[in-house]
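A.B. asks: Structure provided below as structure tokens; questions to follow.
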Amino acid sequence: MSIAVEPAGGPIRAARPEDIGATTVLGVSPSLKPAPTSGGRSAAFSLLSFALKALEGARVDVALLNLRDVPLPFFDGRLPTQRDDEGLQVALRCVERAGGLFIAVPAYWSGVSGVFKNFIDTLCGPAYDLPDPVTTVFTGKPVALLVVGADEASAEAGAREAPRIVESAGARVVSVPVSVANPRRGFADAPELSRRLILLGGELAYAVHGEQP
């Protein structure tokens with residue numbers, strides 16, 4: 001895989017609920033790539049890391065919830081508070097405490113990935129069992145979305161679906177998602193992609209802090 005945009009510096013601080021506060025921008029990586037026995041890396045994770053590093057350089061408090069390190073169970077129709085799963089409870093508390101979310105959404109086969117959808121489902125529970133108006137851990141949270149598609153159709157579909165999904169959970173999408181198609185071809189205009197990611201991060205930081213970093 002050719003990645004023309006690279007995160008600079010060391011790794012982003014791993015999210016721990018006790019370290020997350022109302023001014024923290026929480027990056028969420030639902031990509032499980034690479035598999036334990038394979039090489040390579042995840043384009044979605046790399047681009048998210050770049051965006052978070054840019055925010056960190058602007059003195060924004062950032063943390064990373066990587067679902068490769070904090071695995072979630074499959075959604076089974078229960079509310080998150082009804083499940084005794086360590087990974088789920090860590091993710092729930094991190095999202096609940098964060099001021100805003102920067103989510104990298106992989107998209108395959110003309111839609112968002114199952115891991116991303118499972119992240120929303122397990123943290124929100126079954127919508128038909130919730131009182132009206134619906135309140136979830138995402139309610140009122142400003143969210144920035146990066147969509148990385150395996151191809152043009154997947155990127156376009158993911159850019160349409162991801163905002164609707166998080167908005168249905170009560171989140172507030174701060175801007176049009178940054179969408180990238182088929183990163184295996186490399187990025188023809190890496191500076192423009194970098195600029196778009198930095199601007200999107202800035203809009204999210206403004207929504208969290210009330211001032212431009």
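A.B. asks: Quick test of your reading of the structure: Phe187 fulfils all but one of (1) among the aromatic types (Phe, Trp, Tyr); (2) closer than 23 Å to Gly77 by Cβ; (3) touching a residue at least 60 places away in the same chain (Cβ under 8 Å); (4) surrounded by fewer than 20 Cβ atoms within 10 Å (Cβ to Cβ). Name the failing condition by number.
C.D. replies: (2)
A.B. asks: Restricting attention to the range 157-164, does a residue exist that is outside any loop (DSSP other than H, G, I, E, B), under 15 Å from the mean Cα position of the chain (by Cα) and touching a residue at least 60 places away in the same chain (Cβ under 8 Å)? Show your work before the answer.
C.D. replies: Let us first name the residues in the range 157-164 that are outside any loop (DSSP other than H, G, I, E, B), namely 157-164.
Next cut, under 15 Å from the mean Cα position of the chain (by Cα) only: 158-159, 161-164.
Of the ones still in play, those that are also touching a residue at least 60 places away in the same chain (Cβ under 8 Å) are none.
Among the residues of the range 157-164, not one is outside any loop (DSSP other than H, G, I, E, B), under 15 Å from the mean Cα position of the chain (by Cα) and touching a residue at least 60 places away in the same chain (Cβ under 8 Å), which makes the answer no.
A.B. asks: Hey, another quick one. For residues that are of a type outside the set (A, V, I, L, M, F, W, C), surrounded by 19 or more Cβ atoms within 10 Å (Cβ to Cβ) and at pLDDT below 95, scanning just the range 36-55, find the one that is farthest from Ala15 (Cα to Cα).
C.D. replies: Checked the range 36-55; the qualifying residue farthest from Ala15 (Cα to Cα) is Ser42.
A.B. asks: If you check Ala127 against the conditions, is it within 28 Å of Ser154 (Cα to Cα), out of contact with any strand residue (DSSP E or B) (no Cβ under 9 Å at 6 or more places or on another chain), surrounded by fewer than 19 Cβ atoms within 10 Å (Cβ to Cβ) and of a type in the set (A, V, I, L, M)?
C.D. replies: Here the answer is yes, as Ala127 does meet what is asked.
A.B. asks: So, of the residues in the range 135-157 that are buried (at least 16 other Cβ atoms within 10 Å of the Cβ) and of a type in the set (Val, Ile, Thr), which turns out to be farthest from Ile103 (Cα to Cα)?
C.D. replies: Thr136
A.B. asks: Something else about it: Quick one: which helices (runs of 4 or more DSSP H) lie wholly within the range 40-152 and hold at least 1 residues that are under 12 Å from the mean Cα position of the chain (by Cα) and among the β-branched types (Val, Ile, Thr)?
C.D. replies: Numbers: elements: 43-57, 86-97, 114-124.
Answer list for the range 40-152: 86-97, 114-124.
A.B. asks: Scan the range 125-136 and give yes if some residue there is closer than 20 Å to Phe45 by Cα, in contact (Cβ under 8 Å) with a residue 12 or more places away in the chain and of a type in the set (Ser, Thr, Tyr), otherwise no. Give the steps one after another, and end with the answer.
C.D. replies: Our first condition is that a residue be closer than 20 Å to Phe45 by Cα; within the range 125-136, this holds for none.
No, every residue in the range 125-136 fails to be closer than 20 Å to Phe45 by Cα, in contact (Cβ under 8 Å) with a residue 12 or more places away in the chain and of a type in the set (Ser, Thr, Tyr).
A.B. asks: Taking Gly170 as meeting all but one of (1) over 21 Å from Ser42 (Cβ atoms); (2) in a helix (DSSP H, G or I), write down the number of the exception.
C.D. replies: Status for Gly170: all satisfied but (2).
A.B. asks: Then there is this: Pick out the one residue from Val95, Val62, Val112 that is surrounded by 21 or more Cβ atoms within 10 Å (Cβ to Cβ) and closer than 25 Å to Pro36 by Cβ.
C.D. replies: Numbers: Val95 fails: closer than 25 Å to Pro36 by Cβ; Val62 fails: closer than 25 Å to Pro36 by Cβ.
Sole residue among the options that is surrounded by 21 or more Cβ atoms within 10 Å (Cβ to Cβ) and closer than 25 Å to Pro36 by Cβ: Val112.
A.B. asks: Ok, one more. Which count do you get for residues in the range 181-207 that are outside any helix (DSSP H, G or I) and more than 22 Å from Pro34 (Cβ to Cβ)? I'd like the intermediate steps shown before the answer.
C.D. replies: Of the range 181-207, the ones outside any helix (DSSP H, G or I) are 181-182, 186-189.
Narrowing the set further to residues that are more than 22 Å from Pro34 (Cβ to Cβ) leaves 188-189.
Qualifying residue count, the range 181-207: 2.
A.B. asks: Among (1) at pLDDT below 95; (2) small (Gly, Ala, Ser); (3) out of contact with any strand residue (DSSP E or B) (no Cβ under 6 Å at 6 or more places or on another chain), which single condition is Ala150 missing?
C.D. replies: (3)
A.B. asks: List pairs: first in the range 12-24 and in contact (Cβ under 8 Å) with a residue 40 or more places away in the chain, second assigned to a loop (DSSP other than H, G, I, E, B), Cβ under 6 Å, 6+ apart or cross-chain?
C.D. replies: That search, which allows pairs on different chains as well, returns Ile20/Ala98; Ala22/Gly99; Thr23/Asp61; Thr23/Gly99; Thr24/Asp61; Thr24/Ala98; Thr24/Gly99.
A.B. asks: Right, next: For the range 17-39, how many residues are hydrophobic (A, V, I, L, M, F, W, C) and assigned to a strand (DSSP E or B)? Show your work before the answer.
C.D. replies: Start the filter on the range 17-39 by keeping residues that are hydrophobic (A, V, I, L, M, F, W, C), which leaves 20, 22, 25-26, 28, 32, 35.
Narrowing the set further to residues that are assigned to a strand (DSSP E or B) leaves 25-26, 28.
Of the residues in the range 17-39, 3 are hydrophobic (A, V, I, L, M, F, W, C) and assigned to a strand (DSSP E or B).
The values are calculated or read from the model by the stated rules, or taken from the named source; none is laboratory data. The model shown is predicted, which means the values in this text are computed figures rather than measured ones. Don't worry about glycine lacking a Cβ; one is built from the backbone with ideal geometry, like all the others, and counts go over all protein chains shown.
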